[in-house]
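Working notes for the structure below.
The values are calculated or read from the model by the stated rules, or taken from the named source; none is laboratory data. All values reported here derive from a predicted model rather than from experimental measurement. With ideal geometry, Cβ positions are generated from the backbone for all residues, glycine too; neighbour counts draw on all protein chains shown.
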Amino acid sequence: MQLGRIPRLRLGEYPTPLAELPNLSRVLRQRIFIKREDLVGIALGGNKVRKLEYALAEAQAQRATAIVTSGAVQSNHVRLTIACANRLGLKTYVVLRGERPERPTGNLLLDHILGVAEIHWVDPKRYATREELVRATEARAWELAEELRKQGETPYVIPNGCQPLHSALAYAGCVLELLEQMRALNLAPDVIVTACGTAGTQTGLILGSLLFAQGQIRVVGISVSGKAETLRERIRQNLEEALRFLEVDLPVPKQAVEVYDDYVGPGYAVPTPAMREAVELLARAEGILLDPVYTGKAMAGLLDLARRGAFRPGENVVFLHTGGVPALFADTQSPAFYPETSGRTKV
């Protein structure tokens, strides 16, 4: 099946910008580009918009009247789901894992500004591990959907990060877009570096490399939470599902699924010195802001890999900016960049 035949709503502004980073390139002695998914044109942007275009097309086909989704307190996915659903006149009901703060900041503040219909909370203290908390949050979302159905709504549930198939289709298309942009410069992308959370974006980038670049684009995933082997297995399964759906018989070489978990630090959304260095370096070298949860850690990975010679001389390395900048304004993140005891103001 051709990608263009799959139902999809156009909710973003495309193509998203591609820019070279000359100052960072000089620092790393490697040609670095950035693909600005944060500038997709709706609610401060992010990679979830492309995925939601497939999810909400399916919701519309099912005549949904309400969207139910879930995520962390500072979820970019939740923010963008509400915004995109607003475009279609749909209410959004949200289940968040975490403690309800006294006042909303960052993405949570934006959820309220965007007009979320309801927020339901799952107490993290009831669960021993993050994995258990995530499963409980997703289960509560399905329970909420049943409650809404009994109230006469037609709910459509979008899992955190969107369904793997929707993610794969979305970012396969992004690769095609990137190839056209690079071709206009008489160039080709050799490496794409991306944050890897639920792994949907990386799945799509690998799929796009296989479909449109004969597998010649190396896709490097930098984990922001999970173990590398777990993520690699998830990506392989998601790729198999997407290829079956497209009715394409393509082998997936083992080396095509590349994930590093060296840059997670103590845990998901927990700041690290390397993340802070990466965020400040790009801000001061190129005037571009990254977020502390996803792109900051992904850039920390890119910097370290480049310094260790993981990219060949002359290769064009593209960093995928997946958005998330509102998380910089969460009260939990500010101490990482401005500790009260440091007194430092020099840049």
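Points worth noting:
- Only residues that are in contact with a helix residue (DSSP H, G or I) (Cβ under 6 Å, 6 or more places away or on another chain) and crowded, with 18+ Cβ neighbours inside 10 Å were counted in the stretch 240-259, giving 4.
- Just one of the listed residues (Ala141, Ala184, Ala136, Ala168) is touching a Phe, Trp or Tyr at 6+ places or on another chain (Cβ under 8 Å) and of a type in the set (Gly, Ala, Ser), namely Ala136.
- Meets criteria (among the hydrophobic types (A, V, I, L, M, F, W, C), part of a loop (DSSP other than H, G, I, E, B) and either in the same structural domain as Leu21 (by TED's automatic domain parsing) or over 21 Å from Ile34 (Cβ atoms) (or both)) for Val252: yes
- Residue count, the stretch 256-288 (criterion: of a type in the set (A, V, I, L, M) and without any contact (Cβ under 8 Å) to a residue 12 or more places away in the chain): 2
Rundown of residues vs (1) in a helix (DSSP H, G or I); (2) in contact (Cβ under 8 Å) with a residue 40 or more places away in the chain, yes/no style:
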residue	(1), (2)
Ile119	no, no
Arg135	yes, no
Arg140	yes, yes
His166	yes, yes
Ala170	yes, yes
Glu177	yes, yes
Ile192	no, yes
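- Of all the residues in the stretch 94-144, those that are surrounded by 15 or more Cβ atoms within 10 Å (Cβ to Cβ) and of a type in the set (Asp, Glu) number 2.
- Some residue of the stretch 48-68 being buried (at least 20 other Cβ atoms within 10 Å of the Cβ), small (Gly, Ala, Ser), outside the structural domain of Thr198 (by TED's automatic domain parsing) and outside any helix (DSSP H, G or I): yes
- Residue, farthest from Thr322 (Cα to Cα), within the stretch 9-27, restricted to residues that are of a type in the set (A, V, I, L, M) and touching a residue at least 60 places away in the same chain (Cβ under 8 Å): Val27
- Test: residue in the stretch 212-219 that is charged (D, E, K, R), farther than 25 Å from Leu303 by Cα and in contact (Cβ under 8 Å) with a residue 40 or more places away in the chain: no
- Members of the stretch 44-65 that are farther than 13 Å from Pro164 by Cα and charged (D, E, K, R): Glu53, Glu58, Arg63
- The residue pairs whose first member lies in the stretch 44-71 and is more than 18 Å from Ala141 (Cα to Cα), whose second member is surrounded by 18 or more Cβ atoms within 10 Å (Cβ to Cβ) and basic (Lys, Arg), and whose beta carbons are closer than 6 Å, counting only pairs six or more residues apart or on different chains, are Glu53/Arg8; Tyr54/Arg8; Ala57/Arg8.
- Within the stretch 209-237, tally of residues that are on the phi > 0 side of the Ramachandran plot and charged (D, E, K, R): 0
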